[in-house]
Every structure is written in C-alpha cells, then in structure tokens.
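Read the structure below first, then the notes.
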Amino acid sequence: MVNKKLCSPEEFEKLRKDILSKKDPNRSIVSICTMSACGQARGSLNIYQRFQEEIKHAGLEGKVEIKGTGCQGFCEREPVVIIFPEGIYYLDVSTEDVPEIVSKTLVKKEVLERLVYKDSVSGEKVAKGAEIPFYKSQSPHVFGNNKYINPRDIGDYIALGGYASLHKALFQMTPERVIEQVKKANLRGRGGGGFPTGLKWETTRNAPGTPKYVLINCDEGDPGAYMDRSLMEGNPHSVLEGFIIGAYAMGAHQGFIYIRQEYPLACENVEIALKQAEEYGFLGEDILGSGFDFKVKVHRGAGAFVSGESSALMSAVEGKVGEPRMKYTHNAVEGVMGKPSCLNNVETWANIPLIINKGANWFNSIGTERSKGTKIFSLVGKVNNTGLVEVPMGTTLRQIIYDIGGGIRGGKKFKGVQTGGPSGGILPEQYLDTPVDFDELTKLGSMMGSGGMVVMDEDTCMVDMARYFINFCCDESCGKCIPGREGLRVLREILTDICEGKGKEGDIEAIEDVAELMKDASLCAMGRTAANPALTTLRYFREEYEAHIKEKRCPAKVCKSLINYYIDPERCQACMICMRNCPVGAINGGKDLVHWIDQEKCTKCGTCFEVCPPRFSAVKKISGEPVPPPQRTKVIRKKGG
C-alpha cells in the first residue's frame, strides 16, 4: 500500500521522481497498440507475444521494454509499432516483421524503410511520427499520451505528470476557484450539446439538496464513433483525474461511470484504474489526506443508443429503463434519485486536468471565439486515412479530410461528409472550408455532436444515406413520445419507398412537414435532431430526390430497385468469371460465347460487376435506362482462330 498522505507538493513530486528513477531514459521502448479494440482486431496481441520471444532470443531482456498501449490514432494502418526514444513509426506490422525489427532496428539501429509511411503522391518515405501527414497537422493534447502509457500501469501516468492537477486542485484551490477556472476556460461539453461545462458545474454545486452525484457518459452509440472508447481503453486515468477534480468542485462524494456493454476492454481497464487510484490514495476516503471523500461505481449499459441521453442515462443508473424523461427541471438540479447531478462525456472530463495544470488562458488560446480547445474526431468512411484525429476547434473540414485524412479513396470525387452522428447532417463539397466548431456546423443544419465524421464519395446515394440514418434512429428510439416514435417511422417508410422506386409527388413536402413537427414536439434531443440527415440531404442534394421520384433513377446507381446490370457484348471476353460467381445462376453463355444476364432471375446483388476483370469492364451498371437486349449467339473470335 502506497502512502496516502501525500499532502505537500514535495511529497507528491518525490513520488513522481521515485517512479521515474526506475525508468531508464536511454532504454529502448517498443510501443504496441495492444490495449485498443482496433489494434487487437488486427493482431496486435500476437505481435506483442512475438516481440517477447524475439527480444529474449536476441538477449535483450532488461534492455528493451515492450509496452502495450491504447489506440495511437492511425487506425487505417494498424497495427502500429513505435520505437522509442527514436520515435520511429512502423505501420501495418505483422508477426513476420518482428524478427527483422528486433535484429535491425533494436540491435543495429537501422530503419526498415518498407514498414514506414510512404507518401502516395511524392513517394517520400517518413519514419518519424511527427513528420507523417496524418499526425503532422494534429494537436493531440488530450489523446497524445496514449502512445506512452500502459493503461494498466498507473506509474506511467504519474511519470508524465498525472494526478498533479488533482493535487493542485485539492491543496491549492477552493472548489469555487476550480469552477471559476473551468468557466474562464470556456470549456463546452464534448458530448454533443456543447453546453458550458463550468456553468453546469456551478449549477450543480449551488443546487439545494444532498447528496450530489457526478457521472461519466461513455455510452457512445454513434455509428463510426469511438473517441471515448479509445480514451477509456488507452488512458483511463486522465478521465478519472478530471472526474475526481469535478466531484471536489461540485461537492459530490459519489460518481458513476456509464460504459457500453460492448466496450469490454474499456470496462476492464477502467476497473483496474479505479483500483490502482484507490491504492495510491487518489480515490476513496480522505483523498491524499485532504479530507475529501469520493467513491466511483461502474455501470455497464445495455446497449440502447437513446440511453446516451442525459436523463435516460440517469434512469439507467437508477436501475430503471434507460429512456428520457420530461425535464421540468435540469438534471443539475434534479438528476439521479432526484438529487443534483452533473453528467459530462469522457472527453470533457479528460480536458479538466489540462485546464487546471496549464491554466484557463492556455486553453483559451486554442480554438475559435466561442469554441475553445481541441476536439477528437473519428474520421471514417471513404477516406484514405481513417482513424482518430485531434485538432484545434476551427480546423476546416477540408484540412481534416485532405491534409490529415489523405483525401478520397481510389481517386474518387468527394460528395459529402456526415458530422455529428446519426442525428447530424450531411454537408456537400461547397462547405469543405467550413471551420469545425459547435456553431458553424449548426448554422448549416448539421452539428459537431460527439465527433463522428463519415466521409462519402461520388458513389454514395444521399437518399439511401438519409434512409440508413433514419432507420438507425427509428430502431433505437425509445418510443416514449409520439413525435419521435411515429415521426421516425413515417420518415423511414417514405424514404424506403423513394429508394425502392415507389416515390410519388408530395413525398418531399411530407418529409419536411414531419421533420419540422419532430423538431418542435419531441421529448428529447435525439427526437428533435433525428430528422437532420433527411433535411440536410433535401437541402443540399434535392436533385437526387427528384431523380428518384420523377425519373425512377438513382444517380449514384446504389438503390437496387432502380438499377440494372447488363453485359456489353463488345467488351465481353467469355472468361466465365461472372457466370461462375453469380449466386443465382442468372448469367448465360459459354466458352467463346458472349454472356448475357437473365433479368428475371437477377437479384441485383452486383457480384458480376465486382468480379469482372477491370481490363474488360464488360459488366455495366445502369439506372433509369432501358436494358439492351441480350446477345445470345454472338461468338467471341479469339486471336489466331
């Protein structure tokens, strides 16, 4: 058991130095993303084990440290292995690469150029992480320590200055002063609403009634979003430190961490972090001898998207059904068990130690006038470099998608980007230079939300995308209020009809009417914003809706009911690949005979289109055009025949 009476700054600094003294600054460290779901999915655990074997075989035990860390951001190129202190980044590493990394990089200090980043345009190879375009344009203040920390070793966090902000808050600041600093920093909630954090804290502290509760929202149900999960997996102590500081400021002695059941690794790492924090005296009774008590319980969510809404989450924590409730008073006044409660998301809490340590003025120097600090985004979809991106507020969509994301896959044309989760909007190319913050995206009909960002290319049907997100929200709706429940159902039916070629005059107006009603009358924020995908696609891609309804044509050639496949007799080489792969036997022909598709049997699965060799490109996909008659008897004349 570590001494809990670390009251003086000198004693606390001695603890940090004692931990640092056991770490050789010149020793090589191999950082592997074994504590991230994305890394594990790509085989990082096997790579870690192989490193252990090869380091032992090379006689480097004690000279090289292997550190399992959380997500390092560049998820497109996982597994990522970083060699410190040189800062060499190896991408797409496999177990077969490990012996050579050990023998050449760890022993001979040579760089393996085949494993470093290679620029797709210039061909230039970059070994240092700070010079890789994906990392170069980022400002990883909240997320950056993931690559240095084993999330199951509190010593790694303390060595980097962890829990110093908590010590400062407890012994050098009053609760009121802490709240004043958070207010002065102009930190806004990173969960989507963007409400001023300091004001929420102040309301909770001043609200009558005890006990008071604080909560962490790690529900994160947005499709394609995993910022909070990666923080909780890779650096849970940063979140926990901010959580304890907030509890101290608001006078709360009980906290709840709500984590999705689908995040087993995050749950496991958080439980370990809680135990370690208590052992070191950062949590529990009489924290660091300050007289402040704080205990934390972990609540595993059942997976309902709507439970991420503040009042629904609090209902779930109480053991009730996780559905929103009427807010006659704010949760800050009447939340859990009817007592003053403050809920912030993972990223919001992780910003608190930075503000206390570096000051409100430092935080205010980053971002825009009304949106301060950095924001972590999950950049996914049809972009070359998918992953987690942390940038200052005000960075443009173009900078995120092209400078960091590396542009659109396969040289395709950018078409739109959906921001803010399933309740966000889809913005077209004309707004690529929009600064990303709470206010600018809202003006365009979208939102920043918790940070999901899905990129779409020219092959994306915007009507189908609106249907997808509306369908998601419809399935996840709690059904408690009629506008949300029935409004989403009606929108889904209309959009499905349009995608299936059954659209009719008046459908567009019906979508707009239902959406406006939902915005005005739904019980919770989900219902009020759920129609955004339909509204923004109507606003910016109206011509696609009209093509579906009036011309029975899908311009992107996505909607099955509005497309057909046929084989161009002039390009068919009778290779029989499409015939062999057709799952329903709809393709006819034979050796040296032009193939043709029986349209009555064709299920429009697209397999023939996908397997036809690019050098032939004989299978064509069309929409709104008559299918040419089949060429049943044409013989392919081979060279020399």
Point to revise | Selection from segment 43-95 of residues that are in contact with a helix residue (DSSP H, G or I) (Cβ under 7 Å, 6 or more places away or on another chain) and assigned to a helix (DSSP H, G or I) | key: 46, 47, 50, 51, 54, 55, 75, 95
**Study point:** Those residues of segment 453-486 which are open to solvent by 40 Å² or more (accessible area, probe 1.4 Å) and under 21 Å from residue 307 (Cα atoms), in sequence order
**Key:** 468, 471, 472, 475, 476, 478, 480, 482, 485, 486
Check your understanding: Looking at segment 281-303, which of its residues are assigned to a loop (DSSP other than H, G, I, E, B), touching a residue at least 24 places away in the same chain (Cβ under 8 Å) and surrounded by fewer than 20 Cβ atoms within 10 Å (Cβ to Cβ)?
Key -> 286, 290, 292, 293, 302, 303
Review point. Which residue out of 315, 290 is modelled with pLDDT under 95 and touching a Cys at 6+ places or on another chain (Cβ under 9 Å)?
Key: 290
Revision key, fill the gap. Inside segment 50-76, the number of residues satisfying the requirement of being touching a residue at least 40 places away in the same chain (Cβ under 8 Å) and within 31 Å of the chain's Cα centre (by Cα) is 12
Study note, to complete from the structure: Residues in segment 96-131 that are farther than 24 Å from residue 384 by Cα and part of a loop (DSSP other than H, G, I, E, B) total 4
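Kindly indicate whether any position in segment 179-189 is of a type in the set (Asp, Glu), over 30 Å from the mean Cα position of the chain (by Cα) and surrounded by fewer than 24 Cβ atoms within 10 Å (Cβ to Cβ).
Yes - at least one qualifying residue is present in segment 179-189.
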Check your understanding: With (1) modelled with pLDDT of 95 or more; (2) surrounded by fewer than 19 Cβ atoms within 10 Å (Cβ to Cβ) as the list, and residue 326 as the residue in question, which single condition is left unmet?
Key -> (1)
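Results for (1) touching a residue at least 40 places away in the same chain (Cβ under 8 Å); (2) farther than 16 Å from residue 560 by Cα, shown as yes or no for each residue.
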site: 588; (1), (2): yes, yes
site: 594; (1), (2): yes, yes
site: 600; (1), (2): no, no
site: 614; (1), (2): no, yes
site: 623; (1), (2): yes, no
Check your understanding: Pick from 527, 501, 506: which is free of Cβ contacts under 8 Å to residues at least 12 places away in the same chain and outside the structural domain of residue 605 (by TED's automatic domain parsing)?
Key -> 506
Practice item. Please state which one of 307, 311 is hydroxyl-bearing (Ser, Thr, Tyr), under 27 Å from the mean Cα position of the chain (by Cα) and within 18 Å of residue 211 (Cα to Cα). Key: 311
Check your understanding: Scanning segment 104-144 for residues that are in contact (Cβ under 8 Å) with a residue 40 or more places away in the chain and among the β-branched types (Val, Ile, Thr), which turns out surrounded by the fewest Cβ atoms within 10 Å (Cβ to Cβ)?
Key -> 107
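Do we find that residue 268 is without any contact (Cβ under 8 Å) to a residue 24 or more places away in the chain and either charged (D, E, K, R) or part of a helix (DSSP H, G or I) (or both) in this structure?
Criteria met by residue 268.
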Practice item. Just one of (1) assigned to a strand (DSSP E or B); (2) of a type in the set (A, V, I, L, M, F, W, C); (3) touching a Pro at 6+ places or on another chain (Cβ under 8 Å) trips up residue 249, so point out which. Key: (1)
Check your understanding: Any idea which residue in segment 190-222 is nearest to residue 314 (Cα to Cα), counting only those that are charged (D, E, K, R) and over 17 Å from the mean Cα position of the chain (by Cα)?
Key -> 212
Revision key, fill the gap. Flagged in segment 501-520 as open to solvent by 80 Å² or more (accessible area, probe 1.4 Å) and outside any helix (DSSP H, G or I), in numbering order, are 502, 504, 505
Point to revise | Sole residue being closer than 22 Å to residue 351 by Cα and over 27 Å from the mean Cα position of the chain (by Cα), chosen from 227, 250 | key: 250
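The values are calculated or read from the model by the stated rules, or taken from the named source; none is laboratory data. What you see is a predicted model; the values in this text were computed from it and never measured. Ideal geometry is used to build each Cβ from the backbone, glycine not excepted, and the neighbour counts take in all protein chains shown. Remember, those area values only see protein heavy atoms, side chains included, never the ligands or the DNA or RNA. Shrake-Rupley method; radii C 1.70, N 1.55, O 1.52, S 1.80 Å.
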